[in-house]
Amino acid sequence: MENLTNSDPEETKFELDNDALRHLAETRKWTMFMSVLGFIFIGLMLVVALILATVGSFYTKSGFTALTIIPLLLLSVVYMFPIYYLFRFSSYSKQALNKKDNGLLSRAFGYLKMHYRFMGIFVIIIGCIYIIIILIMLVAGSFFNIFHS
C-alpha cells in the first residue's frame with residue numbers, strides 16, 4: 001500500500017479541475033441512485049421477512065420459516081452498512097460541491113473509503129465461507145463414495 005500522507009502542509013494542498021468536479025458530480029448522482037435503490041431493496045427484504053414470519057407460521061410446522069427469515073434479516077442488517085456509507089458519500093459530496101468545502105469533500109471520501117473497505121472485507125468473508133463449504137462438500141462426497149462403494 002502506498003503512504004500518501006505528507007508532513008508538509010504545502011505539499012498536501014490539492015485542487016480539482018472542472019473535469020474532475022464534473023466527474024465527481026456525476027458519480028455523486030449515481031451513488032445516490034444506488035444507495036436509494038439499496039435502501040428500497042433492504043426494505044423489501046424486511047417486508048418479505050415480515051410476511052414470511054406472519055403467513056409462513058400458519059402453513060408450516062417445521063423450522064422452514066425460520067431458516068428463511070433469519071438469513072433475510074441478517075442480510076438486511078449487514079447490507080445496511082455499505083448502503084448507508086454510500087448514501088453519506090453522496091450527501092457529503094453534494095454539500096462539498098455546492099459549498100466548495102474541502103472539509104466536506106474529505107468527509108465524503110472518508111465514507112466512500114468505509115464503503116469499499118466494508119465491501120472488501122465482506123467479499124473476503126463470503127469467499128472464505130464458499131471455500132469452507134466446498135471443502136466440506138468434497139470431504140463429505142469422498143466419505144460417501146468410500147462407504148457406499
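The values are calculated or read from the model by the stated rules, or taken from the named source; none is laboratory data. Please read all numbers here as calculations on a predicted model, not as lab measurements. Every residue, glycine among them, receives a Cβ derived from its backbone with ideal geometry; neighbour counts consider all protein chains shown.
Between Leu73, Leu135, which is part of a helix (DSSP H, G or I) and over 27 Å from Thr31 (Cβ atoms)? Of Leu73, Leu135, the one residue that is part of a helix (DSSP H, G or I) and over 27 Å from Thr31 (Cβ atoms) is Leu135.
Across the stretch 79-125, the number of residues qualifying as of a type in the set (A, V, I, L, M) and either more than 28 Å from Met45 (Cα to Cα) or modelled with pLDDT under 95 (or both) comes to 4.
For Arg88, are the conditions met, namely being basic (Lys, Arg), over 17 Å from Leu37 (Cβ atoms), assigned to a helix (DSSP H, G or I) and free of Cβ contacts under 8 Å to residues at least 24 places away in the same chain? So Arg88 fails the test.
Going residue by residue through the stretch 93-115, is there one that turns out to be more than 24 Å from Asp17 (Cα to Cα), in a helix (DSSP H, G or I) and not acidic (Asp, Glu)? Before you say what the answer is, go through the steps one by one.
Narrowing the stretch 93-115 to residues more than 24 Å from Asp17 (Cα to Cα): 114-115.
Subsequent filtering for residues that are in a helix (DSSP H, G or I) retains 114-115.
From the residues that got through so far, the ones that are not acidic (Asp, Glu) too are 114-115.
Within the stretch 93-115, one or more residues are more than 24 Å from Asp17 (Cα to Cα), in a helix (DSSP H, G or I) and not acidic (Asp, Glu).
For Ile51, indicate whether it is of a type outside the set (S, T, N, Q), over 25 Å from Phe14 (Cβ atoms) and over 23 Å from the mean Cα position of the chain (by Cα). Let's see the steps before the verdict.
Details: of a type outside the set (S, T, N, Q): yes; over 25 Å from Phe14 (Cβ atoms): yes; over 23 Å from the mean Cα position of the chain (by Cα): yes.
Criteria met by Ile51.
Is it fair to say Val47 is modelled with pLDDT of 90 or more and either within 19 Å of Tyr116 (Cβ to Cβ) or surrounded by 15 or more Cβ atoms within 10 Å (Cβ to Cβ) (or both)? For Val47, the condition - modelled with pLDDT of 90 or more and either within 19 Å of Tyr116 (Cβ to Cβ) or surrounded by 15 or more Cβ atoms within 10 Å (Cβ to Cβ) (or both) - is not met.
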